[in-house]
Structures are given as C-alpha cells and as structure tokens.
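Engineer: Mind having a look at this structure? Questions to follow.
The values are calculated or read from the model by the stated rules, or taken from the named source; none is laboratory data. The structure displayed is predicted, hence computed values, not measured ones. Methodologically, a virtual Cβ is constructed for each residue, glycine included, from the backbone with ideal geometry; neighbour enumeration extends over all protein chains shown.
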Amino acid sequence: MARLESIVEELERSYAELQERMGDPSVYADRREAAELGRRLKDLEPAVSAARAWRQVSNDLVDAQGDPELASIVDELADEAGRLEEVVKLALVERDPADDKDVIVEVRQGVGGDEAALWAEEIARMLLRYADRRGYRTETLSASENDGGGVKETVFAVKGDGAYSVFKWEGGTHRVQRVPSTESQGRTHTSTATVAVMPEAEEVEVAIEEKDLKIDVYRSTGPGGQSVNTTDSAVRITHMPSGIVVSMQDEKSQLQNKQKAMRVLRARLYEAERARQQAELAAARRSQVGTGERAEKIRTYNFAESRLTDHRIKHTVHRLEQILDGDLQEFTDALQAEDRRQALEAPA
C-alpha cells in the first residue's frame with residue numbers, strides 16, 4: 001500500500017502541475033503545446049479519479065479497522081480498496097503513442113474464392129458501421145471489385161479522436177463458417193478475409209539544421225573537366241546525418257546553385273523519410289495479415305449458430321447479426337482490458 005500511496009502522490013502532483021501550466025496564458029500562444037497539455041490532462045483524469053477514490057476508501061478502511069462498531073463493513077471496504085487499486089494500476093499503464101491517430105484500414109479477400117470476396121465486403125461494411133456508431137468520419141480511398149461479387153480489396157480511412165486505439169484490434173484474419181448462396185448441396189464452407197489497420201502517417205516535415213550540412217564550392221566544369229567559368233559558383237552540399245550528397249553547377253550564381261541544391265536535398269530527405277514510414281507500415285500490415293490461411297484467425301464468425309468467437313481473449317457471443325451491423329464495442333473493451341492486464345504483468 002505504501003508503494004501505491006507514493007504512486008498516487010506523484011500522479012496527483014503531475015496532474016496539478018499540468019493544470020497549472022494550462023492556466024498559464026502564454027501556453028495558448030502555442031496551439032501545439034496547448035493541445036498536448038490538454039491531451040495529457042485527459043489521459044490522466046481516469047487515473048486521478050480512481051486514485052482519489054482509492055485513498056478515500058483506504059482511509060475509511062483504516063477507521064473501520066479501529067472501530068468495533070464498524071467491523072461489519074471491514075471486508076467490504078477491503079474488497080473495494082483492492083478493486084480500486086487495480087483500477088489505478090490499469091489506468092497508469094502507458095498508452096500506445098499511436099492510439100490517438102487516424103487510421104487506414106485495408107480489407108482483402110483471403111482463402112475461399114468468390115465467397116471470400118463476399119465475406120471481405122461484409123467485414124468492410126461491419127467496420128464502416130462500427131466507425132459510424134463511434135462518431136468517426138470515414139473516407140473510401142480505393143476499392144477493387146471481384147468478378148463474382150464482393151471485393152478483392154478495399155481501403156478506407158477512419159478519422160476521429162482515438163481511432164487507432166479502437167480499430168487496431170480488428171487487424172488480422174477474420175474467418176467465416178457458413179453455407180454460401182452459391183452452394184447447391186447445403187454444405188458449410190470456411191473462408192477468410194484479412195484486415196490491416198495502420199495509424200495514418202502525418203505529413204512529413206523536413207527540418208534541415210545548418211550544423212548538419214557540409215557545403216563545398218568549386219568551379220563549374222564542362223566536358224572533360226574543363227573549367228567553364230572563373231568563379232567558384234558550383235556547390236556541393238553533404239547532409240552529414242544521412243550521407244546524402246547533392247551537387248549543382250547549372251547556374252552562374254553560387255547562391256542560385258545552393259538554392260537549387262537545397263531544394264533537391266529536401267526532396268531526397270522527404271522521400272527517404274516517406275520510404276522509411278512506408279516500410280514500417282508494410283511490416284505492420286504483414287504482421288497483422290499473415291498469409292490469410294484459415295488457421296490464422298483472430299475471430300470466427302459461425303452463421304449456423306449466430307456465434308462470434310474472438311480467439312485472442314476466448315470471448316464468445318451469440319448475436320452475429322448485431323455484430324455484423326457494427327456492434328463491436330464489447331470486443332473492443334475486452335481486448336483493451338486484456339492488453340492493459342498483460343502490460344501490468346510484463347516485467348519492468
């Protein structure tokens with residue numbers, strides 16, 4: 001309890017400091033800082049509320065343990081203090097920095113031919129309806145239809161506060177067990193659709209520090225290395241951190257050559273950063289999607305039993321129609337809670 005008390009004190013101190021900074025008029029001159037402070041305050045509020053409730057119940061428990069007339073409620077207070085302690089610890093688990101970002105969702109047909117394409121279309125519709133229920137805005141980026149109906153692939157953006165924290169749990173293989181409309185023998189088929197959920201990368205801003213540049217000037221040269229003018233107008237800029245080198249000699253003015261070289265350098269740095277981000281997104285997509293095989297599933301949707309099972313948390317419900325209409329909140333809450341529990345159990 002002593003350790004938790006020190007954690008609570010530090011939490012309240014941090015919260016008070018943030019509130020004090022938010023009250024500083026100079027903060028509002030910097031919109032980015034004000035937004036960041038507001039986000040951090042919002043993130044801390046659940047933990048602070050739970051911490052204050054825990055402290056009150058803990059004090060009541062101490063009083064009750066010292067008063068024979070209150071002996072009957074000691075166990076009740078002890079249970080409540082334990083519950084609130086768990087709530088405080090869960091609320092203090094560090095959040096994924098990407099949780100507040102918008103997302104790009106890719107849904108593709110997996111194994112199962114035309115039935116898989118139809119299933120992919122239904123999964124995409126389910127996720128779009130869930131976004132609508134959450135009050136998020138969606139934007140279709142691309143869609144490729146399958147000749148037999150359904151979609152080969154559809155990509156859409158989901159925009160809104162905390163979109164990634166909600167939709168990241170949908171990434172993976174979604175397996176369906178049902179009798180396709182084209183099945184004349186009434187046999188149950190198993191098909192899959194894959195979903196990749198990625199935080200949307202913000203526009204890359206290229207900031208170049210003067211100290212990171214090595215600038216050399218030299219005389220422009222023509223064919224065979226022949227000097228074409230008598231001034232050191234050519235410019236070579238080396239960006240030390242990346243090793244990118246840009247040379248420019250087309251202009252007669254050193255200043256103009258430098259300006260051109262800087263434009264090229266910025267473009268190259270921008271492309272390098274964009275490629276790095278795309279590589280990270282591609283790696284994230286591969287880790288979520290896998291091969292799309294039937295055995296690689298996060299959920300199974302069984303139409304005959306109106307059953308949905310999430311295999312990550314062993315959670316099953318029998319209300320498939322509502323789920324496909326976008327009622328996924330129960331699963332989001334359960335997956336978030338399990339993630340926090342695992343984070344608490346992980347070694348420091």
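Engineer: Let me confirm something: among A163, A143, which residue is under 18 Å from D327 (Cβ atoms) and at pLDDT below 95?
Structural biologist: Criteria check complete, one pass: A163.
Engineer: Let me ask another. Cβ contacts < 8 Å: first residue more than 19 Å from H311 (Cβ to Cβ), restricted to segment 322-348; second residue among the aliphatic types (A, V, I, L, M) and at pLDDT 80 or above, any location; separation 6+ or different chain. Result?
Structural biologist: Close Cβ pairs (under 8 Å, with a partner that is among the aliphatic types (A, V, I, L, M) and at pLDDT 80 or above) amount to D325/M126; G326/M126; G326/L127; G326/L128; G326/A131.
Engineer: Condition test on T194, is it among the hydroxyl-bearing types (S, T, Y), under 26 Å from A275 (Cα atoms) and at pLDDT 95 or above?
Structural biologist: So T194 passes the test.
Engineer: Still on this structure, please answer the following. Would you pick out the residues in segment 241-258 that are surrounded by 14 or more Cβ atoms within 10 Å (Cβ to Cβ), assigned to a helix (DSSP H, G or I) and not charged (D, E, K, R)?
Structural biologist: Of everything in segment 241-258, those that are surrounded by 14 or more Cβ atoms within 10 Å (Cβ to Cβ), assigned to a helix (DSSP H, G or I) and not charged (D, E, K, R) turn out to be Q254, Q256, N257.
Engineer: Criterion first (over 19 Å from I298 (Cα atoms), crowded, with 17+ Cβ neighbours inside 10 Å and not basic (K, R)) does A131 satisfy it?
Structural biologist: It is true that A131 is over 19 Å from I298 (Cα atoms), crowded, with 17+ Cβ neighbours inside 10 Å and not basic (K, R).
Engineer: Quick one: in segment 166-191, which of the residues that are in a strand (DSSP E or B) and basic (K, R) is surrounded by the fewest Cβ atoms within 10 Å (Cβ to Cβ)?
Structural biologist: R178
Engineer: Here's another thing I want to ask about it. Looking at (1) within 28 Å of R137 (Cβ to Cβ); (2) free of Cβ contacts under 8 Å to residues at least 24 places away in the same chain; (3) among the charged types (D, E, K, R), which is the only condition E69 fails?
Structural biologist: (1) is the only condition that E69 fails.
Rundown of residues vs (1) more than 29 Å from the chain's Cα centre (by Cα); (2) loosely packed, with under 13 Cβ neighbours inside 10 Å; (3) more than 30 Å from G172 (Cβ to Cβ); (4) not assigned by TED's automatic domain parsing to the domain that holds A143, yes/no style:
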position: L44; (1), (2), (3), (4): no, no, yes, yes
position: R52; (1), (2), (3), (4): yes, no, yes, yes
position: N59; (1), (2), (3), (4): yes, yes, yes, yes
position: A78; (1), (2), (3), (4): yes, no, yes, yes
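Engineer: A further question follows. Among the residues of segment 82-106, write down those that are crowded, with 16+ Cβ neighbours inside 10 Å, assigned to a helix (DSSP H, G or I) and acidic (D, E).
Structural biologist: Scanning segment 82-106 gives a single hit, E85.
Engineer: Hey, could you check segment 107-165 for residues that are in contact with a Ser or Thr (Cβ under 7 Å, 6 or more places away or on another chain) and assigned to a loop (DSSP other than H, G, I, E, B) and say which is nearest to P180 (Cα to Cα)?
Structural biologist: G112
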